[in-house]
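A short write-up of the structure that comes next.
Just so it is clear, none of the values below were taken in a lab; they were calculated from the coordinates. Bear in mind the structure is a predicted one, so any value in this text is a computation, not a measurement. Backbone-built Cβ (ideal geometry, glycine too); neighbour counts: all protein chains shown.
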């Protein structure tokens, strides 16, 4: 039996999982805008949406989304090993695998993404506040970090593009 990987199916699965878990592209774009607005006051939410959508076409991003959300779902259903179950359901501070998975997304756009990710993970604005609310009975241990990482990557993408625009308009020495 030959194994065939269908990238379109993987991408569709990742986007459906985000939607099923209540995360919209616009909400991620709002996080991206939050990260970049002080540097680029003219930045529009539409530009942020475009940047988020560009991040969401990357295979590494699909892989992280599917893996992380699957682990969150299994934890909600109490289908993990007891020790892992407890760490994921309680989003234990010393359990860093959720952040490590998210860093695979941030890594796509370079080192600026790491600082963007760290900042947004600490601040938890917008949709991240809801995803971190433990009183809902839902488990989003991986998803909150994944969403923050997508926003950080989109933010980094914008920063790189804006820098290139500024350099192309400045006189050369």
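As a test of the formula, what do you get for the chain when each DSSP H run with n ≥ 4 contributes -39,500 (n - 2.57) and the sum is divided by the residue count, at 222 nm and rounded to the nearest 500 deg cm²/dmol?
Values: 9 runs with 117 residues, N = 173.
So the helix-based figure for the chain works out to -21500 deg cm²/dmol.
Taking a spot 7 Å from the Cα of residue 129 along the direction of its beta carbon, which residues of the stretch 146-173 have an amide N less than 20 Å from it?
146-152
Treating the angle as unsigned and between 0 and 90°, give the value, to the nearest 10°, between the Cα long axis of helix 7-20 and the longest Cα principal axis of the chain.
80 degrees
Which order results if 19, 72, 121 are arranged by neighbouring Cβ count within 10 Å, fewest first? Mind showing how you got there, number by number?
Values: 19 11, 72 24, 121 17.
Fewest-to-most Cβ neighbours within 10 Å comes out as 19, 121, 72.
Angle, helix 112-123 long axis vs. longest principal axis of the chain, Cα atoms, 0 to 90°, nearest 10?
Its long axis makes an angle of about 60 degrees.
By how many nm would the segment from residue 164 to residue 115 grow when fully extended, if each residue of separation counts as 0.36 nm and the alpha-carbon distance is taken off? Before the final figure, lay out each step's value.
On the way: separation 49, 0.36 × 49 = 17.64 nm, distance 1.97 nm.
Result: 15.7 nm gained on full extension.
In what order do 142, 40 fall by count of nearby beta-carbon atoms within 10 Å, going from fewest to most?
Listing 142, 40 from fewest to most nearby Cβ atoms yields 40, 142.
Which of 155, 170 comes first, and how do the rest follow, when ranked by fewest Cβ neighbours within 10 Å? Mind dumping the intermediate values first?
Values: 155 32, 170 8.
Listing 155, 170 from fewest to most nearby Cβ atoms yields 170, 155.
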